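**Q** Below you'll find the structure I mean.
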Protein chains: 2
Amino acid sequence: MSKQIRIAIAGYGNLGRGVEAAIEKNPDMTLVGIFSRRDPASLQPLRAGTPVHRLESLAAHGEAIDVLILCGGSKDDLPAQGPQLAALFNTVDSFDTHARIPEYFAAVDAPARANGKTALISIGWDPGLFSLNRLYGEALLPDGATYTFWGKGLSQGHSDAVRRVPGVKAGVQYTLPSPQAIERVRAGERPQLSTRDKHTRECFVVLEEGADAAAVERAIVTMPDYFADYDTTVNFIDEATLMRDHRRMPHGGFVIRSGNTSAEHAQVIEYSLQLESNPEFTASVLVAYARAAYRLNRQGQCGAMTAFDVAPGLLSIKSPAQLREELL
Amino acid sequence: MSKQIRIAIAGYGNLGRGVEAAIEKNPDMTLVGIFSRRDPASLQPLRAGTPVHRLESLAAHGEAIDVLILCGGSKDDLPAQGPQLAALFNTVDSFDTHARIPEYFAAVDAPARANGKTALISIGWDPGLFSLNRLYGEALLPDGATYTFWGKGLSQGHSDAVRRVPGVKAGVQYTLPSPQAIERVRAGERPQLSTRDKHTRECFVVLEEGADAAAVERAIVTMPDYFADYDTTVNFIDEATLMRDHRRMPHGGFVIRSGNTSAEHAQVIEYSLQLESNPEFTASVLVAYARAAYRLNRQGQCGAMTAFDVAPGLLSIKSPAQLREELL
């Protein structure tokens, strides 16, 4: 067995805790530290012995860490942390603001390259595994169309939007793919689908005392950008029901490529995820890519990269010969 | 637009014709020649202008070919051709005798490496895309189980076995995945499944004049290795029906990974193919990997490789920056 890969976590929210759990499932890795903005004494790692430090002390631990997994958010944390930490560590992050990926890539690439580090950005399932399947689909069936459906899943952004409506005490929002739309795509029909055709939205709302349910519902379903372009259902529930039935963070979705290899023959490729915990799954993907980051860096491949640049074999604990024998 | 990738085809059966069709869908590639054992004058390429040569003349065309796609069979053609041609060309093949892959890999690797060539072996969908999904599944969800189901699809080997039964004039065999087994796996149950649980077999048989249908059926369903371990249905049809309804070569299947990221949360990843033409789809995969072989060779990466060694981005006609912007 080769030497253990020493992993550290920067940011200890749902994603950071998911990474901690995922490392337990990978016997070639050791968690050497958790770095958080919060007081280390206030954190309770899964294993009592795991060292916990302040985020600011990270730079002092460079020699002890093979790969640092960045578990901060794409809005406020990663734009600053990513470039800064890629100068000091091999990193993996889940930067997921699709429109800003080219800019983020450039910002991380320069310091990583200048310091001989490898930075895997935008790892997870979308961006990440879904992106890979969009790429494979296009490359393998160039004459065709790609469809991405999300859900059933809890959407943080839309749940936040619901909670900002006056009269809403608490609430969650689920994105649901349209079964009819998926069936049409699966059947090889290659339909033109509007936003409303592809997904519906379902809200579970706890009202504040005395709030007007009809007004709240109207405010939600007509909200521009978030709900106006969708068929949205609003369900009113009590707080106990919300706590009991809606605390999980399920998600998932489908990437379907439908294409023709000749005038006579259509082909359909489908990839789907059904996730009971979105953050734990994303974390598990980050950890597999941490293995790849470590290996790429040892091969001298530096700079920013995405899932598109990582040969699948680099993700596996198994040797290339073992993979050929067992999985090919 | 960079220079066209010059592709040649060795072997002009169903797979070779599929490669020819696939090249038409990839504007960065040019088909520079078809090499066949048959008399060149007897072949009719899709485009009248495509040069057709005898297979024996291949060595003389080294300078004109960037990647040679080997379209021969795994039993009789590739074990000899693969190693021999990998010394002269960058190659892509669909060697699919799973048990002999390590041996074939070694036989191709040495000549390719010695001559600065890149040889991608065992490309297609199984081995190939299904292998990739087995690998991704294991790496992303290490604590879980992987299930591969094939079909609905026409099986050449089993169709041949049916046709060898005395009294059978013609026939085909379809492999069908069990919908019940797939549902159990999708639901995250992680069942132990026997051979009989996973697939059923369905035969369509044309009897010879005067043959005993009951005897033929018994001979088929009790045939060791091929049918005895499965629930097999035999349908007797007339020759016109066989020609009308059973001339296509559909196939497909499912790779499902079901795993836990923690004691509380299960996750399911599913990949599936629904193919109207097995040879055309396999050919389309070979052609995308030919692009990767060309690029890998230009990067100086020589020797035998499999789909496990190929970074996904190398398959796409798009630049890395374009991929990040459009597909990530």
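The values are calculated or read from the model by the stated rules, or taken from the named source; none is laboratory data. Since this is a predicted model, take the numbers as computed values, not measurements. Ideal geometry is used to build each Cβ from the backbone, glycine not excepted, and the neighbour counts take in all protein chains shown.
**Q** Out of all the residues in the range B:62-109, which are among the aliphatic types (A, V, I, L, M) and in contact with a strand residue (DSSP E or B) (Cβ under 7 Å, 6 or more places away or on another chain)?
**A** The answer is B:ALA64, B:ILE65, B:VAL67, B:LEU68, B:ILE69, B:LEU70, B:LEU78, B:LEU85, B:ALA86, B:VAL92, B:VAL108.
**Q** Separate question: Starting from residues that are more than 7 Å from every other protein chain (Cβ to nearest Cβ) and closer than 23 Å to A:LEU140 by Cβ, keep the ones in the range A:284-299 and report whichever is nearest to the chain's Cα centre (by Cα).
**A** Only one residue fits best here, namely A:TYR289.
**Q** Still on this structure, please answer the following. Hey, could you check the range A:2-17 for residues that are on the phi < 0 side of the Ramachandran plot and in a loop (DSSP other than H, G, I, E, B) and say which is nearest to the chain's Cα centre (by Cα)?
**A** A:GLY13
**Q** Here is a further query. Looking only at residues that are part of a helix (DSSP H, G or I) and at pLDDT below 95 in the range A:18-52, which one is farthest from the other protein chains (Cβ to nearest Cβ)?
**A** Here the answer is A:ALA41.
**Q** Here's a follow-up. All but one of (1) farther than 26 Å from A:ARG295 by Cβ; (2) surrounded by 22 or more Cβ atoms within 10 Å (Cβ to Cβ) hold for A:ILE7; which doesn't?
**A** (1)
**Q** Related question: Hey, any hits in the range B:111-126 for a residue that's surrounded by fewer than 21 Cβ atoms within 10 Å (Cβ to Cβ), of a type outside the set (D, E, K, R), free of Cβ contacts under 8 Å to residues at least 60 places away in the same chain and not in a loop (DSSP other than H, G, I, E, B)?
**A** Yes.
**Q** Oh, and also: Please work out which residue is farthest from B:LYS318 (Cα to Cα), limiting yourself to the range A:141-170 and to residues that are more than 14 Å from chain B (Cβ to nearest Cβ) and hydroxyl-bearing (Ser, Thr, Tyr).
**A** That would be A:SER159.
**Q** Which one is farthest from the other protein chains (Cβ to nearest Cβ) among residues in the range B:301-328 that are farther than 20 Å from A:SER122 by Cα and of a type in the set (Gly, Ala, Ser)?
**A** In this case the residue turns out to be B:GLY303.
**Q** May I ask you to say which residue of A:TYR271, A:TYR289 is among the aromatic types (Phe, Trp, Tyr) and either outside the structural domain of A:GLY73 (by the TED database) or touching a Phe, Trp or Tyr at 6+ places or on another chain (Cβ under 6 Å) (or both)?
**A** So the residue among A:TYR271, A:TYR289 that is among the aromatic types (Phe, Trp, Tyr) and either outside the structural domain of A:GLY73 (by the TED database) or touching a Phe, Trp or Tyr at 6+ places or on another chain (Cβ under 6 Å) (or both) is A:TYR271.
**Q** Yes or no: the range B:119-142 includes at least one residue that is under 22 Å from B:GLY73 (Cβ atoms) and in contact with a Cys (Cβ under 9 Å, 6 or more places away or on another chain).
**A** Within the range B:119-142 (the criterion being under 22 Å from B:GLY73 (Cβ atoms) and in contact with a Cys (Cβ under 9 Å, 6 or more places away or on another chain)), the answer is yes, since at least one residue qualifies.
**Q** Same structure again: Quick check: is even one residue across the range B:275-283 surrounded by fewer than 22 Cβ atoms within 10 Å (Cβ to Cβ) and either facing chain A (nearest Cβ under 10 Å) or assigned to a loop (DSSP other than H, G, I, E, B) (or both)?
**A** Within the range B:275-283, one or more residues are surrounded by fewer than 22 Cβ atoms within 10 Å (Cβ to Cβ) and either facing chain A (nearest Cβ under 10 Å) or assigned to a loop (DSSP other than H, G, I, E, B) (or both).
**Q** The conditions are (1) under 22 Å from the mean Cα position of the chain (by Cα); (2) on the phi < 0 side of the Ramachandran plot; (3) facing chain A (nearest Cβ under 10 Å), and B:GLY252 fails exactly one of them. Which is it?
**A** Result: B:GLY252 fails condition (2) only.
**Q** Looking for something part of a strand (DSSP E or B), surrounded by 21 or more Cβ atoms within 10 Å (Cβ to Cβ) and at pLDDT 95 or above - is there at least one such residue anywhere in the range B:304-311?
**A** Yes: the range B:304-311 contains one or more residues that are part of a strand (DSSP E or B), surrounded by 21 or more Cβ atoms within 10 Å (Cβ to Cβ) and at pLDDT 95 or above.
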